[in-house]
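A short worksheet on the structure shown next.
The values are calculated or read from the model by the stated rules, or taken from the named source; none is laboratory data. None of these values were measured; they are calculated from a predicted model. Glycine gets a Cβ as well: all are built from the backbone with ideal geometry, and neighbour counts include every protein chain shown.
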């Protein structure tokens, strides 16, 4: 319990200028009429309680309940049967789970690496724009606040084999067309395109904010030394943006590993049999989509919970790697 | 997971005079998904039943998830609820959550409905969970113009006779491919697999909860699907937009599916109206889909609720449901009524009941296990892998069976 101390420190700095020590504790006990901290500060607790109550009901409880569920077999109603580690044993051997992990990492890498590079270039361009700055920034940010479902439907149409715009253009410039949404790699590329479209502007705006903190005189000095725009970009812009770049990598990792909506909408067409299975060759089955399928299509909430905790472990590993990278770079 | 647990905790909102308390309610609430019942019949029902007043609510989103959540919460349940055909088996272990309709006189109206459909809503413990709203008898939908062009039989009866088995049907597919290159008779392997298996009387798990997913009947469905792939008559289309385009263009001039598929074709490929026909499908009649109305255990007045259900689902009203919402009646008496016997313009004036009626009555009584859905995933995954990645079919079968077995084990089925 750190809260009471914080409250005391904020409340009574003048009354008790002493550092937290045994002396202070003695002072308290001497006064005699002191009530427990909770009763003394109830208005403050009351004031901060809405967040904690909401968090306990909608955040903490579901998390703990899912841990409890992952040791049970449960169809959503009726009794829960305790099965020990059985769900996790199955998860450990489940090829489909590993496929979903592979898909997720693949889709994440295919979208994040080119996307962040494009964002950086876009930010540099935005930075040098003289007129209508606000318009360009807004235009690039709009995909990020547009409904993912609506965009996913649009992208499915763009990539559709028979009358999709992509194939029409390919045909028009005499290149072979490709059944994008009916082939494993095609569906991955479609999902990657959507995710890139959705996030490139968001990251560009963040980079732009970073660019604006780089002092102009560095660019002027480089210019005087005879560096061209490309040399300036790689020798000044990129190194000085490193913390911002790391931030976007971390954020992209977190969102990329939890990708769900894009794949769910773009591959959800064969819903009659084996719904939410990730499209052709299950190439669009991400980890969260697999969790969703098991829990909500097949009402296997125990196994769904186990998958969710598997995802938690994997995200933890990635976070650890990220954290190590960031920590080393700051040394 | 989160949704269910929130339900447990908060119990969600209580609406209207819905059950829960068990006291006298002033309204009778009914839950259904969009298009699940005829709006006209429901409107009439509201006029007919005023005390307590019938209030029907269309529940959007994932209907089953919402019903499950509310059941787990135990409060705010409706007096009458729809249950989808694909979900009914998963409620067998939870039959206690529903009123046994036989205690309210369901056995007396049983004869109005198709036996096999009625049996789908009978839990293994004998509880009658629901009364059938509609069914999904299968048939072969085909483009008469494309078939004529390829020199295939175009008359429904002649086609049904020429393609009574899948081998015969695939032979027509090869003929079609040779005459009109780039034209396919089969949409994807999953369709063939589920159609062949659908005509069986049990699927992956038998009545005693034993795994039978490696038996001959499943292997036969698998081999039939693989045969279509080897003959090169499989279009491999999984995407919905492409599927519609292929049907409009005549690249995919045939489709196997339930009666409601006619509606999908009509909305997906409206430009091909008038060119489609329906014939009995190869390999015997099967059923896909078709829903039920049920009464949750804590309904305030189950007798009244049952009265409403038997009124809404009378043969006359089921016939109106067909005209109004394309719900194919589960009551054979309706097949003689005007709504069903009139010619259908989308099918070039064909009286489709001549095909669907006899198909509906030929469907065998089958046992669907609560675990079939989850176990079936392994087979569809591997079929997709063979179809799109070129996996060796024999290896894929072995992988499918071993995955299915381990899923079955996890679900508590004896392997």
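Annotations
- Residues that are in contact with a helix residue (DSSP H, G or I) (Cβ under 8 Å, 6 or more places away or on another chain) and either within 14 Å of another protein chain (Cβ to nearest Cβ) or within 19 Å of residue B:132 (Cα to Cα) (or both) within the stretch B:45-58 comprise B:45, B:56, listed in sequence order.
- Hits in the stretch B:238-267 - residues which are within 24 Å of residue B:327 (Cα to Cα), more than 10 Å from every other protein chain (Cβ to nearest Cβ) and more than 19 Å from the chain's Cα centre (by Cα): B:247, B:254
- Evaluated against (1) modelled with pLDDT of 95 or more; (2) buried (at least 18 other Cβ atoms within 10 Å of the Cβ); (3) closer than 29 Å to residue A:180 by Cβ, residue B:231 falls short on exactly one condition, (2).
- Residue match in the stretch B:1-21 (condition: under 30 Å from residue A:60 (Cβ atoms), away from chain A (no Cβ under 11 Å) and modelled with pLDDT of 90 or more): no
- The set of residues from the stretch A:70-88 being within 11 Å of another protein chain (Cβ to nearest Cβ), closer than 11 Å to residue A:306 by Cβ and touching a strand residue (DSSP E or B) at 6+ places or on another chain (Cβ under 6 Å) comprises A:73, A:83.
- Among the residues making up the stretch A:89-127, those that are free of Cβ contacts under 8 Å to residues at least 24 places away in the same chain, facing chain B (nearest Cβ under 10 Å) and surrounded by fewer than 20 Cβ atoms within 10 Å (Cβ to Cβ) are A:89, A:93, A:95.
- If you go through the stretch A:41-62 and keep only what is under 15 Å from residue A:305 (Cα atoms) and buried (at least 16 other Cβ atoms within 10 Å of the Cβ), you end up with A:61, A:62.
- Qualifying strands (runs of 3 or more DSSP E) (wholly inside the stretch B:248-332; at least 2 residues being closer than 16 Å to residue B:137 by Cβ): B:254-258, B:276-279
- Residue satisfying condition, being modelled with pLDDT of 95 or more, more than 14 Å from every other protein chain (Cβ to nearest Cβ) and in contact with a strand residue (DSSP E or B) (Cβ under 6 Å, 6 or more places away or on another chain), within set B:150, B:171, B:160: B:160
- Which numbered condition residue A:130 fails, given (1) more than 14 Å from chain B (Cβ to nearest Cβ); (2) surrounded by fewer than 16 Cβ atoms within 10 Å (Cβ to Cβ); (3) touching a residue at least 12 places away in the same chain (Cβ under 8 Å): (3)
- Qualifying residue in the stretch B:296-307 (condition: under 21 Å from the mean Cα position of the chain (by Cα) and either touching a residue at least 12 places away in the same chain (Cβ under 8 Å) or surrounded by 24 or more Cβ atoms within 10 Å (Cβ to Cβ) (or both)): no
- Selection over the stretch B:89-106 of residues that are closer than 23 Å to residue B:333 by Cβ and in contact with a strand residue (DSSP E or B) (Cβ under 8 Å, 6 or more places away or on another chain) gives a count of 3.
- Residue check for residue A:117: closer than 16 Å to residue A:196 by Cβ and out of contact with any helix residue (DSSP H, G or I) (no Cβ under 9 Å at 6 or more places or on another chain): yes
- When we screen A:147, A:160 for residues that are free of Cβ contacts under 8 Å to residues at least 12 places away in the same chain and either assigned by TED's automatic domain parsing to the domain that holds residue A:205 or buried (at least 20 other Cβ atoms within 10 Å of the Cβ) (or both), the only hit is A:147.
- Conditions (1) within 18 Å of residue A:118 (Cα to Cα); (2) out of contact with any helix residue (DSSP H, G or I) (no Cβ under 6 Å at 6 or more places or on another chain); number of the one not met by residue A:200: (2)
- Selected residue [away from chain A (no Cβ under 14 Å), in contact with a strand residue (DSSP E or B) (Cβ under 8 Å, 6 or more places away or on another chain), closer than 24 Å to residue A:301 by Cα and modelled with pLDDT of 90 or more] from B:36, B:82: B:82
- A count restricted to the stretch B:207-223 and to residues that are part of a loop (DSSP other than H, G, I, E, B) and out of contact with any strand residue (DSSP E or B) (no Cβ under 7 Å at 6 or more places or on another chain) stands at 4.
- Among the residues of the stretch B:59-72, those that are more than 10 Å from every other protein chain (Cβ to nearest Cβ) and farther than 17 Å from residue B:293 by Cβ comprise B:60, B:61.
- For the stretch B:45-65, filtered to residues that are in a helix (DSSP H, G or I) and without any contact (Cβ under 8 Å) to a residue 12 or more places away in the chain, the residue that is nearest to residue B:312 (Cα to Cα) is B:46.
- Residues of the stretch A:66-85 that are buried (at least 20 other Cβ atoms within 10 Å of the Cβ) and in a helix (DSSP H, G or I): A:66, A:69.
- Residue in the stretch B:395-402 that is without any contact (Cβ under 8 Å) to a residue 24 or more places away in the chain, surrounded by 18 or more Cβ atoms within 10 Å (Cβ to Cβ), over 17 Å from the mean Cα position of the chain (by Cα) and closer than 30 Å to residue B:52 by Cβ present: no
- Test: residue in the stretch A:250-268 that is farther than 30 Å from residue A:313 by Cβ and either touching a helix residue (DSSP H, G or I) at 6+ places or on another chain (Cβ under 6 Å) or in a helix (DSSP H, G or I) (or both): no
- Boolean, residue A:230 is surrounded by fewer than 22 Cβ atoms within 10 Å (Cβ to Cβ) and out of contact with any helix residue (DSSP H, G or I) (no Cβ under 7 Å at 6 or more places or on another chain): yes
- In this structure, residue B:226 does not qualify as crowded, with 19+ Cβ neighbours inside 10 Å and in contact with a strand residue (DSSP E or B) (Cβ under 7 Å, 6 or more places away or on another chain).
- Each residue in the stretch A:140-190 was checked for being away from every other protein chain (no Cβ under 13 Å), more than 24 Å from the chain's Cα centre (by Cα) and not in a helix (DSSP H, G or I), and 4 pass.
- Within the stretch B:88-107, the set of residues being part of a helix (DSSP H, G or I) and more than 9 Å from chain A (Cβ to nearest Cβ) comprises B:88, B:89, B:92, B:95, B:101, B:102, B:103, B:104, B:106, B:107.
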